[in-house]
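J.: Encoded as structure tokens, here's the structure I'll be asking about.
The values are calculated or read from the model by the stated rules, or taken from the named source; none is laboratory data. Just so we're clear, the structure is a prediction, and the values are computed from it rather than from any experiment. Virtual Cβ from ideal backbone geometry, glycine too; neighbours counted across all protein chains shown. What goes into the accessible areas is simple: the full protein's heavy atoms, side chains included, and nothing from ligands, DNA or RNA. Shrake-Rupley method; radii C 1.70, N 1.55, O 1.52, S 1.80 Å.
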Amino acid sequence: MDQAVQDLLDKQAIREVVLTYARGIDRLDFDLVRSAYHPDAIDHHTGFDGNVDEYIAWVTPKLSAIGGTMHHIGNHLVELHGDFAISEAYSMSTHWGGPEGVGMVNFTSGARFVDHMERRSGHWAIKERWAVREWTRSDEGRFVNPEGAGPRGRRDDTDPLTLLRKTIQSL
């Protein structure tokens, strides 16, 4: 295969790792989150440093206590270095809802996911991640109820994406 084509395929695979992580976090699908990392991966977030299992144990109760999150991935550059890569993806992440006393909720933050990616047995995943927080803005008192009836995101198996997957798989 032509090297330029292989590079494009590798970059797309790495981008999908980052998007898989975001989907998993937003849908509380921690198996999906885990799939974005190699089993021995390390993660560095605001208030956390440790391996992927420790990260999931740390983030699960925090995210489960609030109404939801939405991670938007923007600028994304990938530098390939053989079976290693540097991935830098900008993210704006909104966190909302939840009971009093669960910590800061109703905020949006700007961050960069700086990832040391590694290809093992043909599979790209995060070897080490730095979630670099650039800024945070409180959105307290700014959220409003939906303007009418319609589809709503869910963090369980009734989410429209999950239902569509089940429909497609049954065809």
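J.: Solvent-accessible area per residue for region 88-171 at a 1.4 Å probe radius, Å²?
T.: Numbers: 5580 Å² over 84 residues.
Result: 66 Å² per residue.
J.: Largest first, please: the extent of the C-alpha atoms of region 16-110 along each principal axis, to the nearest Å.
T.: Sorted largest first, the three principal extents are 48, 27, 21 Å.
J.: Which of Arg155, Arg112, Arg137 moves most in a GNM of the chain, Cα contacts under 10 Å?
T.: Comparing Arg155, Arg112, Arg137 in the GNM, the peak value goes to Arg137.
J.: While we're on this one: May I ask you to give the average projected area over all directions of the convex hull of the Cα atoms of region 71-171, in nm² rounded to one decimal?
T.: Numbers: hull surface 41.1 nm².
Seen from a random direction, the Cα hull of region 71-171 projects 10.3 nm² on average.
J.: Continuing with this model, one more query. Quick one: net charge around Ile86, please, counting Lys, Arg +1 and Asp, Glu -1 for every other residue with C-beta under 10 Å from its C-beta.
T.: Local charge sum for Ile86: -3.
J.: Using a Gaussian network model of the chain whose springs link C-alpha atoms within less than 10 Å, name the residue from Gly68, Gly98, Gly141 with the highest mean-square fluctuation.
T.: So, out of Gly68, Gly98, Gly141, the one fluctuating most is Gly141.
J.: Rounded to the nearest percent, how much of the accessible area of region 17-96 (1.4 Å probe, protein heavy atoms only) is carbon and sulfur? Provide the component values of the computation, followed by the final result.
T.: Numbers: 2200 of 3790 Å².
C and S fraction of accessible area: 58 percent.
J.: Springs between alpha-carbon atoms under 10 Å, Gaussian network over the chain: tell me which of Asp26, Asp43, Asp83 tops the mean-square fluctuations.
T.: Fluctuation is largest for Asp83.
J.: Given R₀ = 30 Å, FRET efficiency for Asp83-Leu171 by Cβ-Cβ distance, to 0.05? Before the final figure, lay out each step's value.
T.: Working: r = 37 Å, r/R0 = 1.24.
It comes out at approximately 0.20.
J.: What span do the alpha-carbon atoms of the chain cover on each of the three principal axes, reported in whole Å from largest to smallest?
T.: 52, 45, 27
J.: Per residue of region 109-124, in order, report the coupling 6.51 cos²θ - 1.76 cosθ + 1.60 (Karplus, θ = phi - 60°) as ³J(HN,Hα) in whole Hz, putting x for Gly and Pro.
T.: Whole-Hz 3J(HN,Hα) from phi for region 109-124: 10, x, 8, 10, 8, 9, 10, 8, 8, 9, 9, 10, 6, x, 10, 7.
J.: Remind me, relative contact order of the chain in percent, using alpha carbon pairs under 8 angstrom and six or more residues apart? Present the calculation step by step, with values, prior to reporting the outcome.
T.: On the way: 291 pairs, mean separation 33.4, N = 171.
Normalised by residue count, the contact order of the chain is 20 percent.
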